Amino acid sequence: MPLDPQVEAMRADRAARNVPQLYAQTLAEARAADLASIQAAGGQAEPVHHVENLSTDAGLPLRLYRPDLNGPLPTVIYFFGGGWTLGSIDTADGITRRLVNAVPCQVITVGYRLAPEHPFPAAVHDCHDATQWIAANADKLQVDPARIVVAGDSAGGNLAAATTLLARDHGPTLAGQLLVYPNTKYGADTQSMRTGDDPYLFNRTSVGWYWGHYLTDVRDGLSPLASPLLAESHAGLPPALVITAEYDPLRDEGEFYAEKLHAAGVPTVLSRYDGMVHGFFAMPGILDGGQQATAEAAAWLNRIFAHA
């Protein structure tokens, strides 16, 4: 189908204002612009009963969002998007608040280190280390250790998928994985990548720019921790919801990953949002599709938590 009318209006506004692509800016400019754009498109931040900044024993920053419920609580560990290069706990603030209230559940966002200052595999190990620490401190954090789900959008979805691979072998046991338009393969030559060249939307140049910051050696892209699609086996991974967008260069690799999981016997739901573009999950203030995807994610999380 064509671009959703709301997406078309967003694109037209960007074109009229000649908004520069993030990859055309300095890192500092891109990081500031990314935060401002996400906050503008996210709508009004929802109030949450309890929000607390804390850190792991190793000093990794976390932000805990808790509903007005008594623990132990089902908990989502969330990894923000931004191509491993942009983004922060603050850019995921709107998404995490909405999930807390929609499920309801506890959400803990991980402030993993960014590239190029800290290239692959720093972010992967930060995310897995944080997941292990949260599980090990379940009592203190009011976490139900049997109901932990890892989640993320874009590069955060990539990190969530990689974390499940590490957790399968090294713990902790996870109840599920929520992957929103994830990167799953470095150098993917797919139809959606080849046609994803719109100058006013996230495009294949964007994808290459992010990978270029994340990897110091292209051979690292063959690691399943960078490209989860390349893992030798996907058996034994936790149930998954994979959300993709029709007009996203990453669409095909996200859907291929869902197919890999299903073929390995992992209970998997694949949900493509027609007419939508990369980033829509973080844009419920201007895109109805973002609201619908949040509702779908919340319903799926409720099913996962009910059966854990």
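What are the extents of the Cα atoms of the chain along their three principal axes, listed from largest to smallest and rounded to whole Å?
Projected onto the principal axes, the Cα atoms of the chain cover 52, 42, 36 Å.
Explain nothing, just the number: relative contact order of the stretch 5-307, from Cα pairs under 8 Å at least 6 residues apart, as a whole percent.
Details: 621 pairs, mean separation 57.4, N = 303.
Worked out over the stretch 5-307, it gives 19 percent.
Using Cα centres only, tell me the gap between the stretch 151-170 and the stretch 275-292 in whole Å.
That distance is 22 Å.
Just grab the label-to-label distance for residue 40 and residue 205, each label 7 Å out from Cα along the Cβ direction, in nm (one decimal).
Using points 7 Å along Cα→Cβ, the separation is 2.0 nm.
Using a Gaussian network model of the chain with C-alpha springs under 10 Å, which one of 42, 94, 208 is most mobile by mean-square fluctuation?
Maximum fluctuation in the GNM of the chain, among the listed residues, is at 208.
Please compute the length gained on full extension between residue 262 and residue 222, using 0.36 nm multiplied by the number of residues separating them and subtracting their Cα-Cα distance.
Stretched out fully, the residue 262 to residue 222 stretch lengthens by 12.2 nm.
What relative contact order, as a whole-number percentage, does the stretch 1-143 give when Cα pairs under 8 Å and 6 or more residues apart are counted?
Dividing the mean separation by the residue count of the stretch 1-143 yields 22 percent.
Which order do the peptides 143-151, 237-245 come out in when sorted by mean C-beta neighbours inside 10 angstrom, highest first? Don't skip to the answer; put the middle values down first.
Details: 143-151: 22.7, 237-245: 24.3.
Ranked from most to least packed, the peptides come out as 237-245, 143-151.
Every read-out reported here was derived from the displayed coordinates using simple, explicitly stated rules and does not represent laboratory data. Worth saying up front: this structure is predicted, and the values here are computed from it rather than measured. Backbone-built Cβ (ideal geometry, glycine too); neighbour counts: all protein chains shown.
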